[in-house]
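The values are calculated or read from the model by the stated rules, or taken from the named source; none is laboratory data. Fair warning: this is a prediction, and the values are worked out from it, not measured in the lab. Don't worry about glycine lacking a Cβ; one is built from the backbone with ideal geometry, like all the others, and counts go over all protein chains shown. We work out accessible area using only protein heavy atoms, side chains counted, and drop any ligands, DNA or RNA first. Shrake-Rupley method; radii C 1.70, N 1.55, O 1.52, S 1.80 Å.
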Amino acid sequence: MGTKKNEKTKRDAKSGADKQGKLSRKDYEEKLAMLQVELVKLQAWVRNKGLRVVVIFEGRDAAGKGGVIKKITERVSPRVFRTVALPAPSDREKTQIYFQRYVNQLPAAGEVVLFDRSWYNRLGVEYVMGFCTNKEYKQFKRNCAGFERALVEDGITLIKYWLTVSSKEQERRFHRRIEDPVRQWKLSPMDLESRRRWYDYSRARDAMMAATDTDYAPWYIVPSDDKRRARLNCISHLLNHIPYEDIPHEKIKLPQRDKTNAYEDLVPLASRRHVPEKY
């Protein structure tokens, strides 16, 4: 849906991202800014209509999931767009129904929840690394599609993205993390092991999609060797996947200060402790 102007904005951003060749930073930032304006409009629509939206981001390590999520949430309210990146389960959580801790994170009316990895850990890292039993893996694979059907039938909009990266590009990104001090925190022992087990993860991905790529909750593949294109394409798809319209806003007028109870500081701020001005 949306206004003609909104549709044109989204089409322009998408068409530019579809062209071959590397996007310049200027071109990328211009298109990203247009898409982020649309995300703000989508935010208003979600709040106004009380929608519940779940967006799942999965993919190989260093595929750029965090970067896409960051650009989606950069200009919107964290009270509407909420990112969920759960740590390893606690001892107590390990005894719960597997989906339980994820259900606790599902959106209420007027919220969009972005899962930076999700319940699909069971069909990916947990299975490949042996963190779950074969019985638990098969049980989850049988139940996952039914769980997602229940979410969709309850009115939740469920969108699933798989970010794919080539072996060569993943290797380059891992080396960059190794060499760059501000990126080293991104590199975990699990990331290194995922590099060694590349083909195991490929087989696990294909088995996962065979079991969970459904008409009501399909997987959408996002090629991410080019991070800029991946971000633009993913945001554009998200905007086009959820019908929305521009919500009219009342004109805002900044009020004048009320001087009825005018107040002078008891202790002038200049005499208090200050952060040194080094810059």
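Observations on the model:
- Residue count, the range 191-208 (criterion: buried (at least 17 other Cβ atoms within 10 Å of the Cβ) and within 30 Å of ALA150 (Cβ to Cβ)): 4
- Some residue of the range 115-122 being surrounded by 15 or more Cβ atoms within 10 Å (Cβ to Cβ), outside any helix (DSSP H, G or I), in contact (Cβ under 8 Å) with a residue 40 or more places away in the chain and in contact with a Lys or Arg (Cβ under 7 Å, 6 or more places away or on another chain): yes
- Exactly one residue among ALA109, ALA145, ALA150 is in a helix (DSSP H, G or I), surrounded by fewer than 17 Cβ atoms within 10 Å (Cβ to Cβ), touching a residue at least 40 places away in the same chain (Cβ under 8 Å) and small (Gly, Ala, Ser), and that residue is ALA145.
- Residue list for the range 230-244, filter: open to solvent by less than 30 Å² (accessible area, probe 1.4 Å) and either at pLDDT below 95 or part of a helix (DSSP H, G or I) (or both): ALA230, LEU232, CYS234, ILE235, SER236, LEU238, LEU239
- Residues in the range 68-104 that are part of a loop (DSSP other than H, G, I, E, B), open to solvent by less than 50 Å² (accessible area, probe 1.4 Å) and under 20 Å from ALA150 (Cβ atoms): GLN96, TYR98, PHE99.
- So GLU126, is it free of Cβ contacts under 8 Å to residues at least 24 places away in the same chain and surrounded by 13 or more Cβ atoms within 10 Å (Cβ to Cβ): yes
- Annotation note: of THR157, THR133, THR164, THR214, the sole residue that is open to solvent by 20 Å² or more (accessible area, probe 1.4 Å), in contact with a Pro (Cβ under 9 Å, 6 or more places away or on another chain) and at pLDDT 95 or above is THR164.
- Evaluation of ILE178 against the conditions (1) of a type in the set (Val, Ile, Thr); (2) open to solvent by 70 Å² or more (accessible area, probe 1.4 Å); (3) touching a residue at least 12 places away in the same chain (Cβ under 8 Å) shows that the sole unmet condition is (3).
- Sub-7 Å Cβ pairs linking a first residue in the range 194-206 that is among the hydrophobic types (A, V, I, L, M, F, W, C) to a second residue that is open to solvent by 50 Å² or more (accessible area, probe 1.4 Å), at least 6 apart or interchain, are ALA204/TYR127, ordered by first then second residue.
- Residues of the range 221-229 include none that is assigned to a loop (DSSP other than H, G, I, E, B), within 19 Å of ALA145 (Cα to Cα) and either open to solvent by less than 60 Å² (accessible area, probe 1.4 Å) or among the hydroxyl-bearing types (Ser, Thr, Tyr) (or both).
- Flag for LYS65 being in contact with a strand residue (DSSP E or B) (Cβ under 9 Å, 6 or more places away or on another chain), crowded, with 17+ Cβ neighbours inside 10 Å and within 30 Å of GLU126 (Cα to Cα): yes
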